[in-house]
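Below is one structure, written out as structure tokens; comments come after it.
The values are calculated or read from the model by the stated rules, or taken from the named source; none is laboratory data. This structure is a prediction, so every number in the text was calculated from the model and none was measured. Using ideal geometry, Cβ is built from the backbone for each residue, glycine included, and neighbour counts are taken over all protein chains shown.
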Amino acid sequence: MSEILLQVLNLKKYFPVKQGFFIKRTVAEVKAVDDVSFEVMKGKTFALVGESGCGKTTAARTILRLTDPTFGQIFFNGKDLSKLKYKELLPYRKRMQIVFQDPMGSLNPRMTVAQIVTEPMLFHGIVKNRKEAYDRAKTLMQMVGLRPFHLDRYPHQFSGGQRQRIAIARAISIEPDFIVLDEPTSSLDVSVQAQIVNMFLDFQDRFKFSYLFISHNLSLVRFISHTVGIMYLGRIVEMGDTDEIFEEPLHPYSKALLSATPIPDPIVERARKRIILTGGVPSPIKRPDGCFFNPRCPYKMDICEKEYPELRKISENRRVACHLVK
């Protein structure tokens, strides 16, 4: 059994909706993340998938304490990070890193690549001086597929794929245990996506990194992840081993998502049945009564409009929140 590195329990993140000109008052709440629980094992990858706006990125940012949780606990190596102050969090910042979706937005355009990559090492005391940091940065550049002379350039002088490699070099520069990959390949072309994903797998094999992988690309999710959580309107509706979920999804939303994923075999692709969802995603401010998915679900029953289903354990590693699944 792998050891648990990160355990998230009943995590909630609500954003107040305020109205008023002189006196602002809270009139509603956006429940971006609502009672989410999962675990990330050491040296493994947990993937969060779902439509845009379902709360994947907010969950990741809350776990890293880039934004404070409304409720819930975040255990990292057994230590609850949810209530720690800024100074108490500093030792854990070194062990938890993130690679953002847009590398140009996450790299300071006024800093050289050398400054971007060496700054975390100097701040956290990984190296003794700037020379040692620069030498280490040269090694990191080669590890991510760039040349040492690239250190003296600025982010705007690189392509999107190269900028993402710089962001990865920065993230691994302080030897973290846990890295959030927030759609790191979504802005890249297919050939570069494959190179970046293979790099992540190589680093995980060499350095035993644990990943929280966020993506819309279900083919990539199946390739890189060990376990998957499928989110809808701030809640996880199905969770389990990757192969199990992809081979036999149980929740109607999971079935619809996976039916939209193209299969390279044209014979299988033509033979399978697509599930087309009607309507759009409801507002996170005013969610439907009962199961949030019931307005779009082709299998809904009367109970689905009255009661939200519990995320129940179906098998050893499988949980589903659906009244249809017994």
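Below is a table of values for the structure above.
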quantity	calculated
Output for region 112-164, where each listed residue is in contact with a Ser or Thr (Cβ under 7 Å, 6 or more places away or on another chain) and β-branched (Val, Ile, Thr)	Val117
1 or more residues touching a Gly at 6+ places or on another chain (Cβ under 6 Å): qualifying strands (runs of 3 or more DSSP E) within region 21-118	25-41, 45-49
Pairs, first in contact (Cβ under 8 Å) with a residue 24 or more places away in the chain in region 127-145, second part of a loop (DSSP other than H, G, I, E, B), C-beta under 8 Å, six or more apart	Arg136/Ile126; Arg136/Val127; Arg136/Ser173; Ala137/Ser173; Leu140/Ser173; Met141/Arg147
Flag for Leu218 being surrounded by fewer than 23 Cβ atoms within 10 Å (Cβ to Cβ) and under 30 Å from Phe15 (Cβ atoms)	yes
Single residue of Pro288, Pro282 found to be farther than 22 Å from Glu244 by Cβ and touching a residue at least 40 places away in the same chain (Cβ under 8 Å)	Pro282
Only one of Leu5, Leu48, Leu64 that is touching a Ser or Thr at 6+ places or on another chain (Cβ under 6 Å) and modelled with pLDDT of 95 or more	Leu5
Among the residues listed as Ala32, Ala47, Ala28, the single one being crowded, with 23+ Cβ neighbours inside 10 Å, over 27 Å from Phe203 (Cβ atoms) and touching a residue at least 40 places away in the same chain (Cβ under 8 Å)	Ala32
Conditions (1) in a helix (DSSP H, G or I); (2) modelled with pLDDT under 95; (3) among the aliphatic types (A, V, I, L, M); number of the one not met by Val127	(1)
